[in-house]
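Undergrad: Here it is: the structure, laid out below.
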Amino acid sequence: MTSAYQQLAARFQRISRFSHLGAIAGWDMHTMMAPGGSQARGEALAELSVLQHELLTDSKLGQWLEAAAQEDLNDIERANLNEMKRAWQQATLLPASLVEAKSIAGSRCEHAWRQQRPANDWQGFAANLKDVVRLSREEAQLRAEANGTSRYDALLDLFEPGMTSAKLDITFGELKSWLPDLLQRVVAKQSQHPLVQPQGPFAIGAQRDLGLSIMKTLGFDFQHGRLDVSAHPFCGGVPEDVRITTRYKDDHFLSAMMGVIHETGHARYEQNLPKTWRGQPVALARSTAVHESQSLFMEMQLGRSREFLQFILPQVTTLLGAQPALEAENFIRLTQQVKPGFIRVDADELSYPAHVILRYEIERALIEGEIEVEDIPALWDEKMQQSLGLDTRGNYRDGPMQDIHWTDGAFGYFPTYTLGAIYAAQLFQSVELAIPQLRDLLVQGELGAVFDWLQQNIWQHGSRFPTDQLLRNATGNTLDTSCFRRHLERRYLQA
C-alpha cells in the first residue's frame, strides 16, 4: 500500500518536472526568443503556472499531509514534509485566476520593459507596472490575512522564510549607522591613488572566453549548464541544466567578468544541491538570501580578493591583451574600486547596501499602499541623493527602471541581496578559520578545499534546515553584521 508520504512525493516530483519546463521556457524568453513570441509565451507560461497551482492545491494534498504527519519518517523526510506543507499552504491562499493574471501581467511588463528602459519611457513602463502592483497587493492581502502579518511581510516570507520587516529594519539600521562614514573614508583613501583606466575595445568573444575560463576555475559543470547573454544577468534553469547569463560592453570588461563570477556562485549552489532528493522541496535552495550568499561568496569574498585576482590576471592579459591598466596593483585597485554609481548590479561592496535599502523602503511602502507607482521616481531620487549623493531626476533608465524584479511582481526579493552579503561574510570568515592556508591556495587557484567546505556546510543540505539553523551549524552564529563590517574594513581600509 502506498503511504501518504509516498503519494505526496510523487505529486511533488510531477510538479518539479513542470517547473523544469517553465524554467527553461523562461530562460529562452529572456535570452533567445524573437520579440513576436512574447504574448504567446506569456500565455503558455501562465497556463503552466495554473497547472502547477492546481496540482499543488488539490484537496487530496491536505489529507495526505495530515496523514503523513503520523507516519514513521526519518529526519530528511520530515524536513521534506515540512517544506511540502509550506508550499501547499502558500499555494492554497491564491485562486488560480490570480495566479494566471499575475503571470500574464508580469510577462507583459517585463517584455515591454526591454524596449522602454533604453527609451527612458517611464510613463509606458508605469502603465504596465500598475497592473503588476495591483495584483501583487491582492496577493499580499490574501497572504497577510491568512498569516496574521503585514502585506509586505507576507511577500517577504516567500523569498526569505522567517524574515520580517521589523528584523530588516534593525539589520539595515545597523548598516546605515556605520556604512556612510566608512564609504566616505574609503573614497577619500582611494582618491590618493589615481587609477589607470583600461583602454578598449575588448572583443566580446575574448570576454566570453575569459568568463568561460574563470567558470572552469570555479568548478562550473559544463555538462549540466551553459553561459549566454541577456539584458539583465541572471541564473536560471534547473540543477541538472543551469543557465547563467551576463551582458557585455566592448569598452568595459570588468562588469561582465564579475557578473559571470557572481552567477557562477548561484550555479555552483544549484548544481550541488542534494541529488538524492531531486524533485522534492527539501532538495531546493534554502532561501533567496542563502542563494545570494553563494553568489556573493564567489564574487565579493573570493572573486575580488587580492589573492584570487592575482591568480586570474594572467588569463585576463592573455585573452584581452597587456596594457598599463592591467598591471597587477592597478588591476586589483580597479576591481576593488569604491565609487557610488547609479546601477545596482555594477555597484561596489560598500555602495551596494544603499541600493538595496532604497528599493526595500520603496517597495514596502508600495505594497502597503502608502505610495503609488507615480510616487516612485521622486522617492527614488530623494533616497539616492541622501545615501549616495546622486541625482536621478528624469533619468529613469538608470533609476527605477534599471531592475527586472518589479516587472513580474517579485516584491520582497531585494532585501535578500544584502542579507546574502552579510551571510557570505560570515561564511567566508568560517572558511578562513577552517583553512589556515586559504590565502596561499587562492593565489594558486586551488579552490577544492573551499568547495569542499561549502559542500559540507551549505550545498548538500538544500532546505533541510531553517536559515538560522543552517547558519549556526556552519558558522556558530545566526545573522551577524559584525563579520560584514570587519570584512569591509579589512579590505578597504587596512590593505
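The values are calculated or read from the model by the stated rules, or taken from the named source; none is laboratory data. Nothing here was measured: the structure is a model prediction, and the numbers come from that model. All Cβ positions, glycine included, derive from the backbone under ideal geometry; neighbour counts span all protein chains shown.
Undergrad: Any residue that is closer than 23 Å to Gly26 by Cβ and among the hydroxyl-bearing types (Ser, Thr, Tyr) - is there at least one of those in the stretch 253-263?
TA: No, because not a single residue in the stretch 253-263 is closer than 23 Å to Gly26 by Cβ and among the hydroxyl-bearing types (Ser, Thr, Tyr).
Undergrad: Right, here's the next one. Is it fair to say Glu110 is surrounded by fewer than 19 Cβ atoms within 10 Å (Cβ to Cβ) and either farther than 27 Å from Leu61 by Cβ or not assigned by TED's automatic domain parsing to the domain that holds Gly162 (or both)? Talk me through it step by step, then tell me what you get.
TA: Numbers: surrounded by fewer than 19 Cβ atoms within 10 Å (Cβ to Cβ): no; either farther than 27 Å from Leu61 by Cβ or not assigned by TED's automatic domain parsing to the domain that holds Gly162 (or both): yes.
Spelling it out, it is not the case that Glu110 is surrounded by fewer than 19 Cβ atoms within 10 Å (Cβ to Cβ) and either farther than 27 Å from Leu61 by Cβ or not assigned by TED's automatic domain parsing to the domain that holds Gly162 (or both).
Undergrad: I would also like to ask the following. Under 6 Å between Cβ atoms, at least 6 apart or on separate chains: pull out the pairs that start in the stretch 212-234 with a residue that is under 20 Å from Asp452 (Cβ atoms) and end on any residue that is assigned to a loop (DSSP other than H, G, I, E, B).
TA: Close Cβ pairs satisfying both conditions: Thr217/Gly445; His224/Glu240.
Undergrad: Starting from residues that are over 13 Å from Leu350 (Cα atoms) and touching a residue at least 24 places away in the same chain (Cβ under 8 Å), keep the ones in the stretch 174-189 and report whichever is surrounded by the fewest Cβ atoms within 10 Å (Cβ to Cβ).
TA: The residue in question is Lys189.
Undergrad: Is it true that some residue in the stretch 269-279 is touching a residue at least 24 places away in the same chain (Cβ under 8 Å), in contact with a helix residue (DSSP H, G or I) (Cβ under 8 Å, 6 or more places away or on another chain) and surrounded by 24 or more Cβ atoms within 10 Å (Cβ to Cβ)?
TA: yes
Undergrad: In the stretch 34-52, is there at least one residue being under 22 Å from Trp277 (Cα atoms), free of Cβ contacts under 8 Å to residues at least 60 places away in the same chain and not in a helix (DSSP H, G or I)? Steps first, answer last, please.
TA: Residues of the stretch 34-52 under 22 Å from Trp277 (Cα atoms): 52.
Among the residues that remain, those that are also free of Cβ contacts under 8 Å to residues at least 60 places away in the same chain are: 52.
Still in the running and not in a helix (DSSP H, G or I): none.
There is no residue in the stretch 34-52 that is under 22 Å from Trp277 (Cα atoms), free of Cβ contacts under 8 Å to residues at least 60 places away in the same chain and not in a helix (DSSP H, G or I).
Undergrad: Can Gly237 be described as buried (at least 19 other Cβ atoms within 10 Å of the Cβ) and on the phi > 0 side of the Ramachandran plot? Spell out how you get there, then give the answer.
TA: Numbers: buried (at least 19 other Cβ atoms within 10 Å of the Cβ): yes; on the phi > 0 side of the Ramachandran plot: yes.
Yes: the conditions hold for Gly237.
Undergrad: Quick one: how many residues across the stretch 115-160 are at pLDDT 95 or above, surrounded by fewer than 22 Cβ atoms within 10 Å (Cβ to Cβ), aliphatic (A, V, I, L, M) and under 26 Å from Leu419 (Cβ atoms)?
TA: Residues in the stretch 115-160 being at pLDDT 95 or above, surrounded by fewer than 22 Cβ atoms within 10 Å (Cβ to Cβ), aliphatic (A, V, I, L, M) and under 26 Å from Leu419 (Cβ atoms): 4 in total.
Undergrad: Any residue at all in the stretch 101-108 that's under 26 Å from Tyr5 (Cα atoms), in a helix (DSSP H, G or I) and in contact (Cβ under 8 Å) with a residue 12 or more places away in the chain? Quick ask: steps written out before the conclusion?
TA: Start the filter on the stretch 101-108 by keeping residues that are under 26 Å from Tyr5 (Cα atoms), which leaves none.
Looking through the stretch 101-108, none of the residues is under 26 Å from Tyr5 (Cα atoms), in a helix (DSSP H, G or I) and in contact (Cβ under 8 Å) with a residue 12 or more places away in the chain.
Undergrad: In this structure, is Ser165 crowded, with 17+ Cβ neighbours inside 10 Å and at pLDDT below 95? Outline the logic, then answer.
TA: Working: crowded, with 17+ Cβ neighbours inside 10 Å: yes; at pLDDT below 95: no.
In short, no.
Undergrad: Taking Ile76, is it of a type in the set (A, V, I, L, M), under 25 Å from Gln469 (Cα atoms) and in contact (Cβ under 8 Å) with a residue 12 or more places away in the chain? Write out each step before concluding.
TA: Numbers: of a type in the set (A, V, I, L, M): yes; under 25 Å from Gln469 (Cα atoms): yes; in contact (Cβ under 8 Å) with a residue 12 or more places away in the chain: yes.
Spelling it out, Ile76 is indeed of a type in the set (A, V, I, L, M), under 25 Å from Gln469 (Cα atoms) and in contact (Cβ under 8 Å) with a residue 12 or more places away in the chain.
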